[in-house]
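What follows is calculated from the coordinates using simple rules that are stated; it is not laboratory data. Just so we're clear, the structure is a prediction, and the values are computed from it rather than from any experiment. Virtual Cβ from ideal backbone geometry, glycine too; neighbours counted across all protein chains shown.
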Amino acid sequence: MRMVVDLAKVEGLQNGEIPIYERALEELVTNNVAACKLQLTAGLATTIYKTDLLFIAISTSSDENGSADLSHALEVDTNIGKLMDGE
C-alpha cells in the first residue's frame, strides 16, 4: 500500500478547518464531528471495517492532456479492494 496522506489537512478538518467552500459544509462537519456521527481519519485500514460509508478526499489535478488525473482515486480504490480481500 502506498498512500500519501496529508496529516495536516486531516487535523485541520478534525478542528473544523474546511479547505473548500460549500454552503453550510463547515457547520455540517463541525456539528456531526461533535455529535460523533462523523469521524475524520487518515487510517484507512483501521476504519474500513468499522463504517457503513467512506468519504474519500483526493487530489484530482489535470493530466498531461488536460483530463482529470484519476491516478490517486484508482490507488485508493485498489487499496480498499486489497483490504477487503484481506491482503
* Length-normalised contact order for the chain - Cα pairs under 8 Å, 6+ apart - percent -> 23 percent
* Would you mind pulling out the separation of the Cα centroids of the stretch 7-30 and the stretch 51-71, in Å? => 18 Å
* Asked: Nearest 0.05, what FRET efficiency do Val10 and Ser67 give at R0 = 25 Å with Cβ-Cβ as r?
  -> 0.35
* Asked: Once Kirkwood radius over Cα pairs in Å is worked out from the coordinates, which option in (i) 14.7; (ii) 12.6; (iii) 18.9 does it equal?
  -> (i)
